[in-house]
Amino acid sequence: MAAVGDLHCREDQHGRFRHLVKQVNAEADVLLLCGDLTDRGMVEEGKVLAEELSALRVPVAAVLGNHDYEHNQAKEICGELSRVGVHILDGDHFIFEKVLGVAGVKGFGGGFGNATLQAFGEGQTKSFVQEAVHESLKLEAALSHLDTEKKVVIMHYAPVPETLEGENIEIRPFLGTSRLAMPVDHYGAEAVFHGHAHHGAHAGKTKSGIPVYNVAMPLMTKMHPDQRFMLLEV
(Lines give C-alpha, C1' and ligand atoms only; values in the text may rest on other atoms or scores of the structure.)
Protein backbone atom coordinates (compact mmCIF):
# COMPACT_ATOMS: atom_id res chain seq x y z
CA MET A 1 0.00 0.00 0.00
CA ALA A 2 1.08 3.55 -0.71
CA ALA A 3 -0.31 6.16 1.69
CA VAL A 4 -0.05 9.94 1.76
CA GLY A 5 -2.10 12.92 2.87
CA ASP A 6 -2.06 16.70 2.57
CA LEU A 7 -1.46 17.00 -1.15
CA HIS A 8 -2.91 20.55 -1.01
CA CYS A 9 -3.35 20.62 -4.77
CA ARG A 10 -3.83 24.09 -6.28
CA GLU A 11 -5.34 24.97 -9.62
CA ASP A 12 -1.99 26.13 -11.06
CA GLN A 13 -0.17 22.85 -10.27
CA HIS A 14 -0.65 20.82 -13.42
CA GLY A 15 2.05 18.13 -13.46
CA ARG A 16 3.05 18.45 -9.78
CA PHE A 17 2.07 14.87 -8.94
CA ARG A 18 3.17 13.21 -12.17
CA HIS A 19 6.27 11.63 -10.60
CA LEU A 20 4.33 10.48 -7.55
CA VAL A 21 1.75 8.76 -9.74
CA LYS A 22 4.51 7.08 -11.74
CA GLN A 23 6.15 5.78 -8.55
CA VAL A 24 2.86 4.51 -7.11
CA ASN A 25 2.09 2.68 -10.34
CA ALA A 26 5.49 0.99 -10.17
CA GLU A 27 5.63 0.12 -6.48
CA ALA A 28 2.13 -0.23 -4.98
CA ASP A 29 -1.07 -2.22 -5.41
CA VAL A 30 -3.37 0.41 -3.87
CA LEU A 31 -3.12 4.11 -2.97
CA LEU A 32 -4.60 5.63 0.20
CA LEU A 33 -5.11 9.41 0.41
CA CYS A 34 -5.56 10.93 3.86
CA GLY A 35 -7.29 14.25 3.32
CA ASP A 36 -6.50 17.85 2.42
CA LEU A 37 -6.50 16.77 -1.19
CA THR A 38 -7.06 20.39 -2.24
CA ASP A 39 -5.56 23.54 -0.80
CA ARG A 40 -8.60 25.83 -0.53
CA GLY A 41 -11.48 23.46 -1.16
CA MET A 42 -12.12 24.75 -4.67
CA VAL A 43 -13.64 22.56 -7.38
CA GLU A 44 -11.02 23.86 -9.83
CA GLU A 45 -8.36 22.35 -7.57
CA GLY A 46 -10.27 19.09 -7.53
CA LYS A 47 -10.31 19.06 -11.31
CA VAL A 48 -6.53 19.51 -11.47
CA LEU A 49 -5.98 16.70 -8.95
CA ALA A 50 -8.36 14.43 -10.82
CA GLU A 51 -6.41 15.11 -13.99
CA GLU A 52 -3.19 14.17 -12.18
CA LEU A 53 -4.64 10.98 -10.65
CA SER A 54 -6.26 9.82 -13.89
CA ALA A 55 -2.93 8.21 -14.86
CA LEU A 56 -3.00 5.86 -11.86
CA ARG A 57 -3.25 2.16 -12.63
CA VAL A 58 -4.06 1.10 -9.06
CA PRO A 59 -7.25 1.51 -6.99
CA VAL A 60 -7.49 4.64 -4.84
CA ALA A 61 -9.35 5.15 -1.54
CA ALA A 62 -9.44 8.61 0.03
CA VAL A 63 -10.95 10.77 2.74
CA LEU A 64 -11.36 14.53 2.74
CA GLY A 65 -9.63 16.93 5.12
CA ASN A 66 -10.54 20.29 6.64
CA HIS A 67 -9.08 22.25 3.70
CA ASP A 68 -11.41 20.42 1.32
CA TYR A 69 -14.42 22.00 3.06
CA GLU A 70 -13.20 25.61 3.02
CA HIS A 71 -15.41 26.83 0.15
CA ASN A 72 -18.37 24.47 0.64
CA GLN A 73 -17.54 22.63 -2.58
CA ALA A 74 -16.67 19.26 -1.06
CA LYS A 75 -19.47 17.50 -2.97
CA GLU A 76 -18.24 18.88 -6.27
CA ILE A 77 -14.64 17.93 -5.46
CA CYS A 78 -15.75 14.38 -4.67
CA GLY A 79 -17.58 14.27 -7.98
CA GLU A 80 -14.46 15.23 -9.93
CA LEU A 81 -12.34 12.63 -8.14
CA SER A 82 -14.97 9.91 -8.42
CA ARG A 83 -14.96 10.33 -12.19
CA VAL A 84 -11.34 9.13 -12.31
CA GLY A 85 -11.96 6.17 -9.99
CA VAL A 86 -11.12 7.63 -6.57
CA HIS A 87 -13.28 6.05 -3.86
CA ILE A 88 -14.09 8.81 -1.34
CA LEU A 89 -14.87 7.35 2.07
CA ASP A 90 -16.96 9.09 4.72
CA GLY A 91 -17.99 6.50 7.23
CA ASP A 92 -17.96 3.68 4.70
CA HIS A 93 -15.43 1.27 3.26
CA PHE A 94 -13.69 0.05 0.12
CA ILE A 95 -12.65 -3.58 -0.48
CA PHE A 96 -9.59 -4.38 -2.55
CA GLU A 97 -9.57 -7.82 -4.23
CA LYS A 98 -11.73 -9.34 -1.45
CA VAL A 99 -8.71 -9.36 0.88
CA LEU A 100 -8.06 -5.82 2.09
CA GLY A 101 -10.79 -3.63 3.54
CA VAL A 102 -10.25 0.11 3.92
CA ALA A 103 -12.46 2.05 6.34
CA GLY A 104 -12.34 5.83 6.23
CA VAL A 105 -13.57 9.01 7.89
CA LYS A 106 -12.34 12.59 8.01
CA GLY A 107 -12.25 12.64 11.80
CA PHE A 108 -12.19 15.73 13.98
CA GLY A 109 -10.41 17.33 16.95
CA GLY A 110 -11.15 17.27 20.65
CA GLY A 111 -8.04 16.16 22.53
CA PHE A 112 -6.71 12.96 23.99
CA GLY A 113 -6.96 10.70 27.02
CA ASN A 114 -8.00 12.37 30.25
CA ALA A 115 -7.83 15.75 28.50
CA THR A 116 -10.48 14.88 25.91
CA LEU A 117 -13.04 17.67 25.68
CA GLN A 118 -16.43 16.75 27.15
CA ALA A 119 -19.91 17.90 26.10
CA PHE A 120 -20.55 20.33 28.96
CA GLY A 121 -21.38 24.01 29.10
CA GLU A 122 -22.07 26.18 26.09
CA GLY A 123 -23.89 24.86 23.07
CA GLN A 124 -20.89 25.63 20.89
CA THR A 125 -18.71 23.34 23.02
CA LYS A 126 -21.31 20.59 22.89
CA SER A 127 -21.50 20.91 19.10
CA PHE A 128 -17.73 20.63 18.81
CA VAL A 129 -17.69 17.48 20.92
CA GLN A 130 -20.66 16.01 19.08
CA GLU A 131 -18.85 16.35 15.77
CA ALA A 132 -15.96 14.26 17.12
CA VAL A 133 -18.38 11.68 18.51
CA HIS A 134 -20.22 11.58 15.19
CA GLU A 135 -17.01 10.92 13.25
CA SER A 136 -16.08 8.16 15.69
CA LEU A 137 -19.48 6.52 15.27
CA LYS A 138 -19.15 6.69 11.48
CA LEU A 139 -15.81 4.91 11.71
CA GLU A 140 -17.32 2.31 14.03
CA ALA A 141 -20.07 1.64 11.49
CA ALA A 142 -17.56 1.32 8.65
CA LEU A 143 -15.38 -1.13 10.55
CA SER A 144 -18.35 -3.18 11.77
CA HIS A 145 -19.26 -3.98 8.15
CA LEU A 146 -15.78 -5.15 7.20
CA ASP A 147 -15.12 -8.89 7.33
CA THR A 148 -12.06 -8.99 5.09
CA GLU A 149 -8.94 -10.91 6.02
CA LYS A 150 -7.06 -7.66 6.55
CA LYS A 151 -8.28 -4.11 7.16
CA VAL A 152 -6.75 -0.67 7.48
CA VAL A 153 -8.15 2.71 8.46
CA ILE A 154 -7.60 6.09 6.84
CA MET A 155 -8.53 9.45 8.34
CA HIS A 156 -7.33 13.03 8.25
CA TYR A 157 -7.20 13.91 11.94
CA ALA A 158 -4.93 12.03 14.35
CA PRO A 159 -6.30 9.29 16.64
CA VAL A 160 -3.26 9.30 18.98
CA PRO A 161 -1.13 12.14 20.42
CA GLU A 162 2.22 10.49 19.62
CA THR A 163 2.07 11.41 15.93
CA LEU A 164 1.53 15.06 16.88
CA GLU A 165 4.91 15.40 18.58
CA GLY A 166 6.61 18.34 16.91
CA GLU A 167 3.44 20.38 16.46
CA ASN A 168 2.83 23.35 18.77
CA ILE A 169 1.42 21.89 21.96
CA GLU A 170 -1.29 24.56 22.08
CA ILE A 171 -2.95 23.32 18.85
CA ARG A 172 -2.67 19.57 19.35
CA PRO A 173 -6.22 19.15 20.73
CA PHE A 174 -7.47 20.61 17.43
CA LEU A 175 -5.44 18.14 15.36
CA GLY A 176 -7.20 14.99 16.52
CA THR A 177 -8.87 13.03 19.29
CA SER A 178 -8.53 9.65 20.95
CA ARG A 179 -12.26 9.14 20.29
CA LEU A 180 -11.16 8.06 16.81
CA ALA A 181 -8.96 5.32 18.23
CA MET A 182 -11.76 3.65 20.19
CA PRO A 183 -13.47 1.87 17.25
CA VAL A 184 -10.07 0.92 15.84
CA ASP A 185 -9.11 -0.80 19.09
CA HIS A 186 -12.52 -2.47 19.30
CA TYR A 187 -12.62 -3.91 15.77
CA GLY A 188 -8.90 -4.15 15.08
CA ALA A 189 -6.86 -3.14 12.05
CA GLU A 190 -3.46 -3.74 10.51
CA ALA A 191 -2.69 -0.02 10.60
CA VAL A 192 -4.15 3.48 10.72
CA PHE A 193 -2.99 6.27 8.38
CA HIS A 194 -3.69 9.97 8.89
CA GLY A 195 -2.41 13.35 7.77
CA HIS A 196 -3.07 16.92 8.99
CA ALA A 197 0.05 17.19 11.22
CA HIS A 198 2.64 18.60 8.81
CA HIS A 199 5.23 18.99 11.58
CA GLY A 200 4.29 15.91 13.59
CA ALA A 201 5.99 12.57 14.13
CA HIS A 202 5.66 9.63 11.79
CA ALA A 203 4.55 6.74 14.01
CA GLY A 204 2.58 5.93 17.12
CA LYS A 205 0.26 3.24 18.47
CA THR A 206 -3.25 2.95 19.84
CA LYS A 207 -3.82 1.59 23.35
CA SER A 208 -4.11 -1.94 21.98
CA GLY A 209 -0.89 -1.59 19.99
CA ILE A 210 -2.26 -0.95 16.48
CA PRO A 211 0.30 1.05 14.45
CA VAL A 212 -0.65 4.60 13.54
CA TYR A 213 1.22 6.46 10.79
CA ASN A 214 1.23 10.17 10.04
CA VAL A 215 1.67 10.36 6.26
CA ALA A 216 1.24 14.09 5.70
CA MET A 217 3.16 14.89 2.52
CA PRO A 218 5.32 17.64 4.10
CA LEU A 219 6.51 15.08 6.66
CA MET A 220 6.95 12.36 4.03
CA THR A 221 9.00 14.77 1.91
CA LYS A 222 11.36 15.39 4.84
CA MET A 223 11.73 11.65 5.47
CA HIS A 224 11.84 10.48 1.85
CA PRO A 225 12.63 13.38 -0.51
CA ASP A 226 12.60 11.06 -3.52
CA GLN A 227 9.37 9.30 -2.48
CA ARG A 228 6.71 11.51 -0.98
CA PHE A 229 4.53 8.70 0.34
CA MET A 230 4.75 5.73 2.68
CA LEU A 231 4.87 2.14 1.49
CA LEU A 232 3.58 -0.61 3.76
CA GLU A 233 3.08 -4.30 3.01
CA VAL A 234 0.21 -6.06 4.76
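Criterion first (touching a strand residue (DSSP E or B) at 6+ places or on another chain (Cβ under 9 Å) and surrounded by fewer than 16 Cβ atoms within 10 Å (Cβ to Cβ)) does residue 10 satisfy it? Spelling it out, it is not the case that residue 10 is touching a strand residue (DSSP E or B) at 6+ places or on another chain (Cβ under 9 Å) and surrounded by fewer than 16 Cβ atoms within 10 Å (Cβ to Cβ). Just one of the numbered conditions (1) without any contact (Cβ under 8 Å) to a residue 24 or more places away in the chain; (2) over 17 Å from residue 3 (Cβ atoms) is not true of residue 140: (1).
Restricting attention to region 198-221, does a residue exist that is among the hydroxyl-bearing types (Ser, Thr, Tyr), open to solvent by 50 Å² or more (accessible area, probe 1.4 Å) and closer than 20 Å to residue 35 by Cα? It would help to see each step written out before you state the result.
First, pick out the residues of region 198-221 that are among the hydroxyl-bearing types (Ser, Thr, Tyr): 206, 208, 213, 221.
Those still in the list that are open to solvent by 50 Å² or more (accessible area, probe 1.4 Å) too: 208, 221.
Adding the requirement that they be closer than 20 Å to residue 35 by Cα leaves 221.
Looking through region 198-221, at least one residue is among the hydroxyl-bearing types (Ser, Thr, Tyr), open to solvent by 50 Å² or more (accessible area, probe 1.4 Å) and closer than 20 Å to residue 35 by Cα.
Residue 136 passes every criterion in (1) in a helix (DSSP H, G or I); (2) exposed (fewer than 14 other Cβ atoms within 10 Å of the Cβ); (3) among the polar types (S, T, N, Q) apart from (2). Going by what's in this entry, would residue 182 be described as buried (at least 24 other Cβ atoms within 10 Å of the Cβ) and in contact with a helix residue (DSSP H, G or I) (Cβ under 7 Å, 6 or more places away or on another chain)? For residue 182, the condition - buried (at least 24 other Cβ atoms within 10 Å of the Cβ) and in contact with a helix residue (DSSP H, G or I) (Cβ under 7 Å, 6 or more places away or on another chain) - is not met.
Considering only region 101-116, I want to know if a residue exists there that is part of a loop (DSSP other than H, G, I, E, B), at pLDDT below 95 and over 16 Å from residue 194 (Cα atoms).
Looking for residues that are part of a loop (DSSP other than H, G, I, E, B), at pLDDT below 95 and over 16 Å from residue 194 (Cα atoms), one finds none in region 101-116, hence no.
Going through region 142-187 one residue at a time, which ones are in a strand (DSSP E or B) and closer than 18 Å to residue 32 by Cα?
Answer for region 142-187, where residues must be in a strand (DSSP E or B) and closer than 18 Å to residue 32 by Cα: 150, 151, 152, 153, 154, 158.
Any residue that is assigned to a helix (DSSP H, G or I), more than 14 Å from the chain's Cα centre (by Cα) and under 21 Å from residue 1 (Cβ atoms) - is there at least one of those in region 192-212? So far as region 192-212 goes, no, none of its residues is assigned to a helix (DSSP H, G or I), more than 14 Å from the chain's Cα centre (by Cα) and under 21 Å from residue 1 (Cβ atoms).
Looking across region 16-54, the residues that are in a loop (DSSP other than H, G, I, E, B), under 28 Å from residue 72 (Cβ atoms) and either among the small types (Gly, Ala, Ser) or free of Cβ contacts under 8 Å to residues at least 24 places away in the same chain (or both) come down to 35, 41, 54. Cβ-Cβ distances below 6 Å connect the following pairs, each with a first residue in region 57-76 that is under 10 Å from residue 41 (Cα atoms), a second residue that is assigned to a strand (DSSP E or B) and open to solvent by less than 10 Å² (accessible area, probe 1.4 Å), and a separation of six or more residues or different chains: 68/38. Among the residues making up region 65-100, those that are modelled with pLDDT of 95 or more and β-branched (Val, Ile, Thr) are 77, 84, 86, 88, 95.
Failed condition for residue 192, given (1) in contact with a Gly (Cβ under 8 Å, 6 or more places away or on another chain); (2) free of Cβ contacts under 8 Å to residues at least 60 places away in the same chain, with all others met? Every listed condition holds for residue 192 apart from (1).
Scanning region 164-191 for residues that are β-branched (Val, Ile, Thr) and within 23 Å of residue 1 (Cβ to Cβ) gives a single hit, 184. Applying a threshold of 8 Å to beta carbon distances and a minimum spacing of six or more residues, or different chains, the list of pairs starting in region 220-231 at a residue that is among the hydrophobic types (A, V, I, L, M, F, W, C) and ending at one that is part of a helix (DSSP H, G or I) reads 229/20; 229/23; 229/24; 229/217; 229/220; 230/220; 231/27.
The values are calculated or read from the model by the stated rules, or taken from the named source; none is laboratory data. In this text the structure is predicted, and so the values were computed from the model without any measurement. Glycine gets a Cβ as well: all are built from the backbone with ideal geometry, and neighbour counts include every protein chain shown. Heavy atoms of the whole protein, side chains included, go into the accessibility calculation; ligands, DNA and RNA do not. Shrake-Rupley method; radii C 1.70, N 1.55, O 1.52, S 1.80 Å.
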